[in-house]
Every structure is written in structure tokens, then in C-alpha cells.
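Asker: My questions will all concern the structure given below.
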Amino acid sequence: MMSAQSTIVPTASSISDALKAVRSDISIAARAVGRTSADVTLIAVSKTHGSDAVQAALAAGQRHFGENRVQEAEAKFPALKTSNLDLVLHLIGPLQTNKVKDAVAMFDVIHTLDRLKLAEKLSDEMSKQSRRLPCFIQVNTGRESQKAGVDPADVANFITLCRDQLKIPVMGLMCIPPVTDQPSPHFAFLRELARRHGLKGLSMGMSGDASLAVRLGATHVRVGSAIFGQRPNISETISQS
Ligand SMILES: *Cc1c(COP(=O)(O)O)cnc(C)c1O
């Protein structure tokens, strides 16, 4: 076991090998339940890693990337997007309303729509910039007080409000199960919620449980450390505020 302090600097070949392994796992999991890897978008979560790591993943054919902080993404991605026009950037961390303008300008998909104030601000800013970004509504499936996400009991109303009143393109639902729980009941619950509301997208599954999530219907998996190696600061592994 490596210690929490050790920083493994990913090399281009380790990233390329890891991507192959992750893609293969996704494909096996998808086929096991009658789906194909084309049904699943692999988002490479590059937070804390430099643009050289992203370049290596791009060279290995990866196109979808995830970041959890607007500022960090702004330091890394504008240049990469200019030289890779098909790069798709996903925001997977909490979004403060004062960062919405920048987020709408830079990201292509938002996975963390989690409250009314944010929905209103996003809707406003999307109109201003004429950029309708597909969004996932984050659901607090574990009802954890410290974690972001809409309470399951409020999801129905929140979806209606976002879709019908605020005209936000709601693509699906997203969750981060409590670290202490088995993830499968959370994934199954999220899938059922999405089905009930006619939503096709399911953003669920990380390095430790991506295959499981794919077997339970994930359309988007967010995989960081399994591709880029351990992040230096373990406490930043999951953004929960
Ligand atoms: C960091 C992060 C991930 C990726 O986590 P890994 O365990 O490194 O795969 C996925 N989703 C969210 C919301 C994250 O913040």
C-alpha cells in the first residue's frame, strides 16, 4: 500500500494503459447487462493533475474530462479546448452562484445542479450567453447533512421547475453515495428516480465502483484516480460542500 503522502506522478504510458484498462472494465460490465460501451461516457477526472496529464489522455483518445473547481479548470482547460475542439468539459464539483458566469462560459455539461438559487442563476446565465448546457441534477441519495444534492423527497418538484419553468436542459440525475455505504442501493435508487421522471442520463460511479454503476445503468462514470493515479491530497478526493 502506498502512503497517503506519496505522490505518484503519472506518465503518458501509465495514463494510456490505465485508460485502456478502465475502458475494458466498462465494456465488460456493459455487455454483462446487455448494454455496450457506446452507452457509457467515460469522464476522466483530472482535478489536481496538470495539463500534461490531460494531454497524455487526449493522445490516448480520451475526449471527456471532469473538473470539480471552476478556477482550477480555468487555469488548465482554455488552451486545451482551443487545440482540441472536440474536448468536452464536465463540471462535477459544487458550483457557487458567483462562479456561474465563468462556469457557463467554459464547461459543456454540469453535473451538480443542486438547489433553486443555482438553477435560477444558471437559467439566467445560459440565456445571456446563448449557451444551453445539459445539466444533471445532483440527488443526496444518502440524505447526508454535509453533502450537496436535492433531497429525494424534493426531486420531483425540482425537476419540473428546472425543466418547465427555467428551461434548463435536464439530462439526468447524479449522485455520490455515502462513503460508508454499499453504493448499489444508491445507484439502483437513482436509476428508479430517473426512470420515473423520464430522464435518460445517470451520472454515477467513480474509480472504486464504476463497473458496478455501469451494471446498474450509469450513462456517465466519473473516474479519476484509476486513470491518473492517486491525488496528492486525499481530503480533496470527493467534494461534498
Ligand atoms: C474526484 C471525484 C470523482 C473521481 O474520484 P476517483 O475516486 O478518483 O475516481 C468523481 N466524482 C466526483 C464528484 C469527484 O469529486
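Asker: Within region 224-239, can one find any residue that is more than 13 Å from the ligand (Cβ to nearest atom), part of a helix (DSSP H, G or I) and either over 15 Å from the mean Cα position of the chain (by Cα) or at pLDDT 95 or above (or both)?
Answerer: Among the residues of region 224-239, not one is more than 13 Å from the ligand (Cβ to nearest atom), part of a helix (DSSP H, G or I) and either over 15 Å from the mean Cα position of the chain (by Cα) or at pLDDT 95 or above (or both), which makes the answer no.
Asker: Residue by residue through region 141-181, note down the ones that are more than 25 Å from residue 43 (Cα to Cα) and among the small types (Gly, Ala, Ser).
Answerer: Of everything in region 141-181, those that are more than 25 Å from residue 43 (Cα to Cα) and among the small types (Gly, Ala, Ser) turn out to be 145, 153, 156.
Asker: Test of understanding: among 72, 67, 120, which residue is among the acidic types (Asp, Glu), within 13 Å of the ligand (Cβ to nearest atom) and surrounded by fewer than 21 Cβ atoms within 10 Å (Cβ to Cβ)?
Answerer: Testing whether each residue is among the acidic types (Asp, Glu), within 13 Å of the ligand (Cβ to nearest atom) and surrounded by fewer than 21 Cβ atoms within 10 Å (Cβ to Cβ) leaves just 72.
Asker: For region 171-194, which residues satisfy the criterion of being farther than 19 Å from residue 211 by Cβ and without any contact (Cβ under 8 Å) to a residue 40 or more places away in the chain?
Answerer: 173, 178, 180, 192, 194
Asker: Give just the number: which of (1) surrounded by fewer than 18 Cβ atoms within 10 Å (Cβ to Cβ); (2) under 30 Å from residue 105 (Cβ atoms); (3) within 9 Å of the ligand (Cβ to nearest atom); (4) at pLDDT 95 or above does residue 205 not satisfy?
Answerer: Condition not satisfied by residue 205: (1).
Asker: Could you list, ordered by first residue, the pairs with Cβ atoms under 6 Å in which the first is in region 153-167 and at negative phi and the second is polar (S, T, N, Q), at least 6 apart or interchain?
Answerer: Listed by first residue and then by second, the contacts come to 166/123.
Asker: Within region 130-150, track down each residue that is in contact (Cβ under 8 Å) with a residue 60 or more places away in the chain, part of a loop (DSSP other than H, G, I, E, B) and closer than 14 Å to residue 93 by Cβ.
Answerer: Result: 147, 148.
Asker: A further question on this structure: Only one of these is in a helix (DSSP H, G or I), away from the ligand (no atom under 14 Å from the Cβ), modelled with pLDDT under 95 and not β-branched (Val, Ile, Thr): 27, 6, 13. Name it.
Answerer: Checking each option against the conditions leaves just 13.
Asker: With 142, 93, 149 as the choices, which residue is surrounded by 16 or more Cβ atoms within 10 Å (Cβ to Cβ), at positive phi and at pLDDT 95 or above?
Answerer: Answer to the selection: 149.
Asker: OK, next. Which numbered condition trips up residue 154, out of (1) in a loop (DSSP other than H, G, I, E, B); (2) away from the ligand (no atom under 16 Å from the Cβ); (3) closer than 24 Å to residue 100 by Cα?
Answerer: (1)
Asker: Residues in region 40-49: is at least one at positive phi and surrounded by 14 or more Cβ atoms within 10 Å (Cβ to Cβ)?
Answerer: Checking region 40-49: at least one residue is at positive phi and surrounded by 14 or more Cβ atoms within 10 Å (Cβ to Cβ).
Asker: Name the pairs whose Cβ atoms lie under 8 Å apart, with the first residue in region 31-46 and farther than 30 Å from residue 73 by Cα and in contact (Cβ under 8 Å) with a residue 24 or more places away in the chain, the second within 16 Å of the ligand (Cβ to nearest atom) and of a type outside the set (Lys, Arg), and 6 or more positions between them or separate chains?
Answerer: Going by the 8 Å Cβ cut-off, the qualifying pairs are 33/214; 35/214.
Asker: What are the pairs, 6+ residues apart or on separate chains, where a residue within region 202-215 that is on the phi < 0 side of the Ramachandran plot and basic (Lys, Arg) has its Cβ under 9 Å from a residue that is away from the ligand (no atom under 12 Å from the Cβ) and not in a loop (DSSP other than H, G, I, E, B)?
Answerer: 215/29; 215/30; 215/32; 215/184; 215/187
The values are calculated or read from the model by the stated rules, or taken from the named source; none is laboratory data. Since the structure is predicted, the reported quantities are computational estimates derived from the model, not experimental observations. Don't worry about glycine lacking a Cβ; one is built from the backbone with ideal geometry, like all the others, and counts go over all protein chains shown.
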